[in-house]
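Attaching a single structure in structure tokens format; questions to follow.
The values are calculated or read from the model by the stated rules, or taken from the named source; none is laboratory data. Values in this document were obtained by computation on a predicted structure and should not be read as measured data. No Cβ is skipped: glycine too gets one built from the backbone with ideal geometry, and neighbour counts run over all protein chains shown.
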Amino acid sequence: MSDNSSKKRQRVLSGVQPSGNLTIGNYLGALKQWAREQQHFESFFCVVDLHAITVPHDPQELRDKTREVAALYLACGIDPEVSTVFVQSHVRAHSELTWLLNCITPLGWLQRMTQYKDKSAKQQQDSVSTGLLDYPVLMAADILLYHADAVPVGDDQRQHLELTRDIAQRFNHLFGETLTIPEAMIPLSGARIKALDDPLSKMSKSETGSEYHALYLLDPPNRVKKKLMRAVTDSGRDIQFSDDPERAGVNNLLELYAALTEQEHTTVEAHFANARGYGDLKKELVEVTNEVLAGIQQKYQALTAEEGYIDELLARGAERACEVADATLATVRERMGFLKAHA
Ligand code: AQP
């Protein structure tokens, strides 16, 4: 019998790494649906700082970005009175459960992960950390500690979610029904935003090679305009959604427009049916993007103006998160055969 048998509302857990400036992809793929769904679930949202050290990092930047990401959660609509907002490393159970799950996770499962292959290919082979390979097990621990029923993420995390399910099933098979098997919750629109300068690749916050790669949530309006007006398109004129890789640039701009305005694809296509070319789409997209970002940025400025507010809120969140996580960890330890420590 699993320990979540007495809980009433379904649970949700998700997180973002403080590994750079949050992008419009992070917003549309993750934060926007967290905010929308938080009333319907018992929600836990963490800043996954332990994940951010799986690639080389700067300690001061990690501190700054951890606070910034937490403040952006709230600015994007997460209500700390409704959802539990905390920092992953403040809850020690995440690290401990990772070790326990490591010992039942076959190495081959991790070596198959696309994100590991992509990120390790970008580094010198002898400097790729064990943590980068182990990232999905830490993610499994994050989710399984809270008995999350659903995990709202962008499409790039689908494979890691499958692995979490496999690890939970393996644990339950070996030690008896203990862990909840979570479902991925992927938005219909905005789940896979592409880079503006290379629409065949994902828009990523840690990709800093070109200033035209990503739109960041804290970009000022003139920078948004500059980036969008320069976004890669093709030589055509039709403003229509398309799976054709040649038309990936315009498709990405339309995806952004549809997700930001919350409109169906057919409505968006009808809206642009009489446009004179891609310039019209870009101009309108600049407007809607800046409108959405202005709301987020105003809230962000207000939240960060109050010294200590974010830290206090994170301390409260960690307390609540520890209650749930420590209880799960105690059960896992007991099922695996560890002795209880003497008080
Ligand atoms: N381009 C994207 N489109 C839609 N959703 C996206 N997400 C990320 N990029 C896009 C979603 O945002 C959340 C953040 O996840 P993360 O910080 O744990 O790492 P990630 O998925 O690897 O995202 P990034 O931005 O690419 O970070 P870095 O560059 O640090 O690896 C997830 O829900 C993700 O699906």
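Scanning the stretch 158-183 for residues that are farther than 21 Å from residue 335 by Cβ and either outside the structural domain of residue 328 (by TED's automatic domain parsing) or free of Cβ contacts under 8 Å to residues at least 24 places away in the same chain (or both), which turns out nearest to the ligand (Cβ to nearest atom)? Working first, answer last.
Within the stretch 158-183, the subset farther than 21 Å from residue 335 by Cβ is 158-162, 183.
Among the residues that remain, those that are also either outside the structural domain of residue 328 (by TED's automatic domain parsing) or free of Cβ contacts under 8 Å to residues at least 24 places away in the same chain (or both) are: 161-162.
Values: 161: 10, 162: 14 Å.
The selected residue is 161.
Output the residues belonging to the stretch 113-138 that are within 19 Å of the chain's Cα centre (by Cα), among the aliphatic types (A, V, I, L, M) and in a helix (DSSP H, G or I).
132, 133, 137, 138
So that you can scan it fast, the table gives a plain yes or no per residue for (1) modelled with pLDDT of 95 or more; (2) among the charged types (D, E, K, R):
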{"site": "263", "(1), (2)": "yes, no"}
{"site": "268", "(1), (2)": "yes, no"}
{"site": "271", "(1), (2)": "yes, no"}
{"site": "276", "(1), (2)": "no, yes"}
{"site": "281", "(1), (2)": "yes, no"}
{"site": "287", "(1), (2)": "yes, yes"}
{"site": "292", "(1), (2)": "yes, no"}
{"site": "295", "(1), (2)": "yes, no"}
{"site": "298", "(1), (2)": "yes, no"}
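Return only the number of the condition from (1) over 16 Å from the mean Cα position of the chain (by Cα); (2) within 11 Å of the ligand (Cβ to nearest atom) that residue 110 does not satisfy.
(2)
Scanning the stretch 184-201 for residues that are charged (D, E, K, R) and within 8 Å of the ligand (Cβ to nearest atom), which turns out farthest from residue 143 (Cα to Cα)?
Step one: of the stretch 184-201, the residues charged (D, E, K, R) are 192, 194, 197-198.
Within this subset, residues satisfying the condition of being within 8 Å of the ligand (Cβ to nearest atom) are 192, 194.
Values: 192: 22, 194: 26 Å.
Among those that are charged (D, E, K, R) and within 8 Å of the ligand (Cβ to nearest atom), it is 194.
Continuing with the same structure: Within the stretch 79-93, is even one residue outside any helix (DSSP H, G or I), within 13 Å of the ligand (Cβ to nearest atom) and over 25 Å from residue 262 (Cβ atoms)?
Initial filter on the stretch 79-93 (outside any helix (DSSP H, G or I)): 79-87, 91-92.
Subset that is within 13 Å of the ligand (Cβ to nearest atom): none.
Within the stretch 79-93 (the criterion being outside any helix (DSSP H, G or I), within 13 Å of the ligand (Cβ to nearest atom) and over 25 Å from residue 262 (Cβ atoms)), the answer is no, since none of the residues qualifies.
Provide a single number: the residues in the stretch 112-133 that are at pLDDT below 85 and within 16 Å of residue 57 (Cα to Cα).
Kept after step one, since they are at pLDDT below 85, are these residues of the stretch 112-133: 124-126.
Going one step further and asking which of them are within 16 Å of residue 57 (Cα to Cα), we end up with 124.
Qualifying residue count, the stretch 112-133: 1.
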